[in-house]
Amino acid sequence: MFSWAIPDKRVWELGRSSTYDLVELGLEYPDEAELESELKTIEAFPSIVFVGEARSMEEKLVDTVLGNAFLLQGGDCAESFKEFSANNIRDTFRIILQMSVVLMFCGQMPIIKFAKSRSDPLEEKNGVKLPSYKGDNINGDAFNEKSRIPNPQRMIRAYCQAVETLNLLRVFATGGYATMQRVTQWNLNFVKHSEQGDRFVV
C-alpha cells in the first residue's frame, strides 16, 4: 500500500516526509521495486517551480490573507494526458485572464492567478467494481481492470507535461499575450458577437 505523507508542521523539509503522519489513499502499486525506481528518477529531475517563483507566490498569498488581493484558482481536477496540447493550455490561460479582469474591475483589488481525485476507493458500473480513477498521474480512466492499476511510469509523464505547461505559461505571461489591452480586446470581441452586443450596434 502506497501512502502519501501529509505534513503536520508548518515548515516542510525535504527528506523529512517519513516523519509525518500518513493518510492512506488506497493506492496499491503492484511492483514496489518499479515504484521506488520511478520515484528516484523523479528525485533527480530539476524542480518544476523555481525558488524565486515560490517565494513570489508566497508573498502574494500573504496579500490575500490580509484582504488586499483575491485568489483565483482554475484548472481541471484531473487533467487528462490525451487532452494535453498547447492550444488547450493557451485557452485555459486565456479564460483565467479574462476572469481576472472582471474580478479586478468588480472587486477593485489585484487578482492572484493560480492554475491547480476522487475520495471513493471503488467505482461501480453494472455490478462491476473497480478501483476509482485517481487521475492520469496514477491510473487510466477507462473502466477496465488493467487501466485502473496504478502505474508509476505515469508520474514521469506527468512531470514532463507539467514542465512543458509551465514553460509555455511563462512565455504567455511575459511575452505580451497577457497584456491588459489584449485581454480587454478579447472581452470586447465576445460582447460584439453576443445578443447583448447586437443591441449596441449602430
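We did not get these values from a lab; they are worked out from the coordinates using the rules stated. Not measured: the values here are computed from a predicted model. Counting neighbours? That spans all protein chains shown, and the Cβs are built from the backbone with ideal geometry, glycine included.
Odds and ends about this structure:
- With the simple spin-label model, which puts each label point 7 Å out from Cα in the Cβ direction, the F143 to L122 separation comes to 1.5 nm.
- Other-chain or far-sequence residues with amide H under 5 Å of G74's (modelled H): F114, A115, K116
- Close amide-amide hydrogen proximity is noted between I149 and G140, each under 5 Å apart and 5 or more residues distant or on a separate chain (H modeled in the peptide plane; Pro and chain starts excluded).
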